Amino acid sequence: MRDGRTAGLLLPLFSCPGSASWGIGEIGDVAALAAWLADAGQRALQLLPINEMASHQQSPYSAISAMAIDPIYISLAAVPEFAGEASLPAEDLDLLASVRESPSVDYAGVRRLKHGALRAACARFVDVELRRDTARSRAFEAFLAGQAWWLDDYALFRALHTHHSGQAWTTWPEPLQRRDGRALADARRDLAGEIVFRQYLQWLAHDQWQRARASARGVALIGDLPFMVDGDSADVWARQDQFCLDASVGAPPDAFSATGQDWGMPVYRWDVIARDGFGWLRDRARRAADLFDAFRVDHVVGFFRTYGWPLDGSEPSFTPADEGEQRALGEQVLSVFRESGAHVIAEDLGIIPDFVRESMTRLGVPGFRVMRWERDWHAERHPFRDPSDYPALSVAVSGTHDTETMAVWWERAPDEERQLVRGIPTVGRFAGGTALTDRFSPAVRDVLLETLIASGSDLTLLPVQDVFGWRDRINEPGEVNAGNWTFKLPWPVDRLSDVTEARERRDCLRAWSSKHGRI
């Protein structure tokens, strides 16, 4: 990704289960997906966050840990201590069949199944491995020592969370809330078994992830560093002084919301974070670099100026308020992220001050070019910019996980907007004599896709829905509904090569990527 032009796809891990998976894409499915991408000439896979979510959540951007991998992604078939599906009780076998057959991800069902199976696997690990000096127990102990910098607080938090029936840490006994040393020591002793369980899950996930990366056939894995974590998270509990718990972070009015967005998460205390040398953000970047070849910085403008909604109902505002301080803060944070050694890209969509993109360019951090929004807004009729003119230091995309799909956008767009797209020189060249109808057809789809792959951007990332011309979206911002974050591929990811439509898309992607210098 650091050397020349690259093409890739955006596909959340939860969306691509294999034929043996338990109703959700799993870490073990990365290899099959990467194989299909490699055959399609794609050298990057953009994932959404894989951080652990609270049990009632399905948004990957509302995590209870900035470091932990969600155990929902563990492949049970690859866990040595798992006794196999035949060991499941009849009711769990019925549920397993149900979540596998579901056209969308059933988070509650998958969590229930995996939690029970992993509990049993952990009990077997403790009995057979941990109580003896086995190679596997020594590997576990090595993992604990190497990851203690984040794992110790996380495992204790999760054990306490379970002990208090999932209640937020702000409701725990006061000594635990303020992390009194004696109270924490007592908890580590009393909850030792639960702590081992949480450590075991992260060991399994980490080991499976490293093996998945090694089998990715040269496909770079792009992670996602969310702007914030949930207030009821291991990170906020461990670093309470670095967050304003009396305000909620969000975004001002923009293209996604006319009234702005309130995300219900605490606001950074940038003065305290700076005095700490940006330690937590350094840790987050270090963890991301351990897991991914590159990572996308979510809501990058928030690291320049954070928009906070006071809980007392007073007017929301930016922190810092001064533009000079905003620029200095954002550049410091981006420099911290880049020091991790991973390639960094940044989501710079919405209302973005010019100085933010100036800073990104100076630091060599590419932002996003969403074709439908790349227009000359100062010219008459607001013509579209030709993607061939996008700067090399950018990421060309047809949409994101938050936008409607390309098919829906095309058919809902005003007639004049579609006409202006037809007038883009590169679009006209690839369309040839083919008329781009108002109805979204395969011909329209392929002209727009090739236009983006031919763009001047060094990196192109296409949502898988747009590659196939589907209408299913991943998320609708500002809406809390059962459909968000549940999209699944219609076929098992390990059988894509058996599907005529998937083979045709694979061959087209490879031909376009080769033609336009991305292989």
task: With the condition kept exactly as written, say whether any residue in region 115-133 is in contact (Cβ under 8 Å) with a residue 24 or more places away in the chain and in contact with a His (Cβ under 8 Å, 6 or more places away or on another chain).
output: no
task: Inspect region 181-196 for any residue being basic (Lys, Arg), in a loop (DSSP other than H, G, I, E, B) and exposed (fewer than 14 other Cβ atoms within 10 Å of the Cβ) and give the result as yes or no.
output: no
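In this structure, is residue 483 touching a Ser or Thr at 6+ places or on another chain (Cβ under 9 Å), at pLDDT below 95 and in a loop (DSSP other than H, G, I, E, B)? Break it down stepwise before answering.
Working: touching a Ser or Thr at 6+ places or on another chain (Cβ under 9 Å): yes; at pLDDT below 95: yes; in a loop (DSSP other than H, G, I, E, B): yes.
When the stated conditions are applied, residue 483 passes them.
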message: Being in contact with a helix residue (DSSP H, G or I) (Cβ under 9 Å, 6 or more places away or on another chain) and either part of a loop (DSSP other than H, G, I, E, B) or surrounded by fewer than 16 Cβ atoms within 10 Å (Cβ to Cβ) (or both) is the filter here; which residues of region 444-462 pass it?
response: 454, 455, 456, 457
message: Cβ-Cβ under 6 Å, sequence separation 6+ or interchain: first residue in region 499-519 and surrounded by fewer than 18 Cβ atoms within 10 Å (Cβ to Cβ), partner among the aromatic types (Phe, Trp, Tyr). Which pairs?
response: 499/491
query: What are the residues in region 326-341 that are under 24 Å from residue 460 (Cα atoms) and crowded, with 22+ Cβ neighbours inside 10 Å, if any?
result: 334, 337
- request: For region 376-388, state whether one or more residues are modelled with pLDDT of 95 or more, crowded, with 18+ Cβ neighbours inside 10 Å, in a strand (DSSP E or B) and not polar (S, T, N, Q).
  value: yes
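Of the residues that make up region 18-25, is at least one closer than 23 Å to residue 346 by Cβ, part of a loop (DSSP other than H, G, I, E, B) and either free of Cβ contacts under 8 Å to residues at least 24 places away in the same chain or among the hydroxyl-bearing types (Ser, Thr, Tyr) (or both)?
No, that holds for no residue.
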message: Given the options 356, 365, 397, 370, name the one that is surrounded by fewer than 20 Cβ atoms within 10 Å (Cβ to Cβ), within 23 Å of the chain's Cα centre (by Cα) and not aromatic (Phe, Trp, Tyr).
response: 370
query: Here are some residues: 271, 348, 283. Which one is in contact with a helix residue (DSSP H, G or I) (Cβ under 7 Å, 6 or more places away or on another chain), farther than 27 Å from residue 458 by Cα and either in a helix (DSSP H, G or I) or at pLDDT 95 or above (or both)?
result: 283
- request: Please go through region 310-325 and pick out each residue that is surrounded by 13 or more Cβ atoms within 10 Å (Cβ to Cβ) and either among the polar types (S, T, N, Q) or within 19 Å of residue 352 (Cα to Cα) (or both).
  value: 316, 317, 318, 319, 320, 323, 325
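The values are calculated or read from the model by the stated rules, or taken from the named source; none is laboratory data. Source: prediction; values computed, not measured. All Cβ positions, glycine included, derive from the backbone under ideal geometry; neighbour counts span all protein chains shown.
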